[in-house]
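One structure is given here, and the rest of the page talks about it.
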Amino acid sequence: MQPVTSISDIFGPATLISPIIRDEVRDILFVVLVQVIQLIIATFGIFSNVINVNVYAKMGYSETSSITLRALAVVDIIAEAWLLMVSVGYRSMYDGTASCHCRCR
């Protein structure tokens with residue numbers, strides 16, 4: 001499996017935006033969207049879900065809706081932690097410097 005070196009490796013050589021902007025600009029935009037926006041969304045989501053978990057814990061376990069919403073917040077924290085790890089570690093995967101135990105190169 002070859003490392004991803006450009007967006008063309010993911011979407012193929014011909015896309016609809018390829019004649020409009022250069023490949024280098026498109027690659028930079030893709031990295032910015034993946035890293036920066038996912039990092040912001042994941043960080044905000046983790047903090048807001050931690051607040052939700054604390055609020056629902058203070059409400060108690062008498063209502064099933066508070067138990068369900070607390071469980072949803074916990075699962076969302078796990079999903080956003082995964083998104084945060086992907087957005088932070090994506091650059092090393094993108095430029096081929098990620099260390100792996102397989103023969104990728």
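Derivation of every value follows stated rules applied to the coordinates shown; laboratory data play no part. Bear in mind that the values here come from a model prediction, so they are computed numbers and not experimental data. So basically every Cβ, Gly included, is an ideal-geometry build from the backbone, and we count neighbours across all protein chains shown.
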Ranking of THR64, THR43 by count of other Cβ atoms within 10 Å, fewest first: THR64, THR43
Vicinal HN-Hα couplings computed from phi for the stretch 66-71 (Karplus, 6.51 cos²θ - 1.76 cosθ + 1.60; Hz; Gly/Pro x): 5, 5, 5, 5, 5, 5
